[in-house]
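**Q** Input: one structure, supplied below.
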Amino acid sequence: MADDFSATIATTGRVTVNDVGSQYVTGNLETIGDHDWFRVWLWAGHTYVVREIDNSNNPPFGSLTLNDARVALHNSVGTELIHNDDGGRSQDSYLEYVTPSSGYYYVDAGAYQDSLTGTYLVSVTEAPDSLASVNQWGSGATSSDRFGDFNSDGSADLLQILANGTIKVSLSGETGFSTFTQWGTGGTASDQIGHVNNDNSDDLLQIYNGKAYVALSNGATAFGPYTQWASGVLPNAVLADINGDGKGDLYQSDATGHGFVALGNGTTAFGAFASVLTGTTFSDQIIARNSDSAERTVGTDFNGDGKADVLQFYNGTAYVALANAAGGFVGGAFQNWGNIGTTASDRVGDFNGDGHADLLQVYNGNAYVPWQIRQGRLSIPSRSGPAVPHRPIRSST
């Protein structure tokens, strides 16, 4: 069996810090004693978290087959700097390292005592105490630039749409962004970014005069021309994968409290809108895993099945409509996920790395996250005091 990644500094394996595309890179230890190395650029003086996830942490990470991971970090010439076994959840491996100098490092994914085979996931993230450090990665950017993975390499690129509709992209590399180059025309500031045709490159969706237009990325240098994919589209329509087939769909709601879905065929069109949900409001949230929002890692996927769910806040209670494979929502209605003191400004994100969307609330200088139960509820610890019944994760100083 061919080895997917070598265990030398010549490896073709790559992992990106704080990867906004998929967050994890998949590998396979095909034989006993196999090691896979992944190159990553790290900045001096930053604290990085390196993880190797095995099947002891499933779900939510699918059908991984490695039973016990062992991860290490090597410097630019291949010398091991630090290693860990079982430092994460269950038998996952987890290590933290403060880099003495900027440069290429290598994540070494292996197994306990070199005695096992199987598939795994690796990730590299930046610890919070490093976020105050600033490194220049490019020039020509503006505060209105947005991001997406336009060339399918798993790294976040920059998208810039000028007032005249010119679309420019700056591709991200391991050490910085490239010069902005023109990728298309006819763009608008309200265009949505996301996967439409399941090729792992982000595309553009434009809603205009009741119609949806799509400009597909070629994954290298340009977007194609905008072509019409649907009609009867409301201004609040959102691009998201509702049925989990990897293709972008449209979700929209109307003033009568109904939610509609038009499934995408991934090539030329969205189908007709079907009424699939009741009790909707215009303030409901649905966020795709691959949108250009800060929540794109998991979006509003609350049960970790890869489908975009709908979140609703009402009177301090969180309600969730779980998407299903048919392109609708379970029971066609929202489920009560807990009266936990939610507010309209609460944010969504995966704060414990389990692949499920959690909620974040900032209140009086503190950040609060409710505990999430994978089977379908947000729960809280009982405690006395003012009724903001959440679990604090970080306080301001």
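The values are calculated or read from the model by the stated rules, or taken from the named source; none is laboratory data. Just so it is clear, the model here is predicted, and its values are computed rather than measured. Reconstructed Cβ throughout: ideal geometry from the backbone, glycine too, with neighbour counts over all protein chains shown. Protein only, heavy atoms only, side chains kept; ligands, DNA and RNA dropped before computing areas. Shrake-Rupley method; radii C 1.70, N 1.55, O 1.52, S 1.80 Å.
**Q** State, as an integer percentage, the relative contact order of the chain based on alpha-carbon contacts under 8 Å between residues 6 or more apart.
**A** Working: 1070 pairs, mean separation 39.2, N = 397.
RCO, the chain: 10 percent.
**Q** Normalised by the empirical 2.2 N^0.38 Å for globular proteins, what value does the Cα Rg of segment 191-263 take? Don't skip to the end; give the middle numbers.
**A** Numbers: Rg = 12.3 Å, N = 73, 2.2 N^0.38 = 11.2 Å.
Here the Cα radius of gyration is 1.10 times the empirical estimate.
**Q** Turning to a different aspect of this structure: Using the Kirkwood formula on the Cα atoms of segment 99-207, what hydrodynamic radius do you get, in angstrom to one decimal? Walk me through the numbers on the way to the answer.
**A** Working: mean 1/r = 0.0595 Å⁻¹.
With all distinct Cα pairs of segment 99-207 included, I get 16.8 Å.
**Q** Counting heavy atoms of the protein chains only and a 1.4 Å probe, report the per residue accessible area for the chain as a whole number of Å².
**A** Values: 17430 Å² over 397 residues.
With all protein chains present, the chain gives 44 Å² per residue.
**Q** Also, quick follow-up: Mind giving me the FRET efficiency for S115 and N352? R0 is 25 Å, r the Cβ-Cβ distance, nearest 0.05 is fine.
**A** Details: r = 30 Å, r/R0 = 1.18.
Approximately 0.25, to the nearest 0.05.
**Q** Roughly how big is segment 194-341's charge dipole about its Cα centre, with Cβ charges of +1 (Lys, Arg) and -1 (Asp, Glu), in debye to the nearest 20?
**A** The calculation lands at about 180 debye.
**Q** From the phi angles alone, apply the Karplus equation (6.51, -1.76, 1.60; θ = phi - 60°) to segment 45-51 and give each ³J(HN,Hα) in whole Hz, x where the residue is Gly or Pro.
**A** Computed from phi, the couplings for segment 45-51 are x, 9, 9, 10, 10, 10, 10 Hz.
**Q** Leaving out ligands, DNA and RNA, what percent of the accessible area of the chain is carbon and sulfur, probe 1.4 Å? Mind showing how you got there, number by number?
**A** Working: 9150 of 17430 Å².
Answer for the chain: carbon and sulfur cover 53 percent of the accessible area.
**Q** Oh, and also: Give the longest segment of the chain that steers clear of trypsin sites (Lys or Arg not before Pro) in DSSP loops with at most 13 neighbouring Cβ atoms within 10 Å, not counting the sites themselves.
**A** On the way: sites that count: R374, R383.
Result, exposed sites excluded: 1-373.
**Q** How much FRET efficiency would the formula 1/(1 + (r/R0)^6) give for T317 and S190, where r is the Cβ-Cβ distance and R0 is 41 Å, rounded to 0.05?
**A** Numbers: r = 31 Å, r/R0 = 0.75.
Rounded to the nearest 0.05, the efficiency is 0.85.
**Q** Let me ask something else about it. Which of A318, V40, I193 sits farthest toward the positive end of the charge dipole of the chain, with +1 on the Cβ of Lys and Arg and -1 on the Cβ of Asp and Glu?
**A** Working it through, the farthest residue towards the positive pole turns out to be A318.
**Q** Shifting gears a bit: Using amide H atoms built 1.01 Å from N in the peptide plane, name the residues 5+ places from G271, or on other chains, whose amide H lies under 5 Å from its own.
**A** Under 5 Å from the amide H of G271 lie the amide H atoms of L263, G264, N265, each far enough along the sequence or on another chain.
**Q** Rounded to the nearest 0.05, what FRET efficiency is calculated for T175 and D199 with R0 set to 22 Å and r the Cβ-Cβ distance? Before the final figure, lay out the partial values.
**A** On the way: r = 26 Å, r/R0 = 1.18.
The pair T175/D199 has a calculated efficiency of 0.25.
**Q** If you rank I340, I32 by how much accessible surface each has, with a 1.4 Å probe, what is the order from largest down?
**A** Result of the area sort, largest leading: I32, I340.
**Q** Give me the extension gain from T227 to Y208: residue separation times 0.36 nm, minus the current Cα-Cα distance, reported in nm with one decimal. Write down the numbers at each step before the final one.
**A** Details: separation 19, 0.36 × 19 = 6.84 nm, distance 1.16 nm.
Full extension from T227 to Y208 adds 5.7 nm.
**Q** Then there is this: In Å, what Rg and Dmax follow from the Cα atoms of segment 236-285?
**A** Rg, Dmax (Cα atoms, Å): 10.8, 32.
**Q** Students often get this wrong, so try it: which of (i) 106, 64, 47; (ii) 65, 53, 39; (iii) 62, 57, 47 is Cα extents along the principal axes in Å as calculated from the structure shown?
**A** Computing Cα extents along the principal axes in Å and matching it to (i) 106, 64, 47; (ii) 65, 53, 39; (iii) 62, 57, 47 gives (iii).
**Q** Another one. For the chain, what is the charge dipole size about the Cα centre, in debye to the nearest 20, if Lys and Arg each add +1 at the Cβ and Asp and Glu each add -1 at the Cβ?
**A** Working: 18 positive and 41 negative charges, 260 e Å.
Around 1240 debye, computed over the chain.
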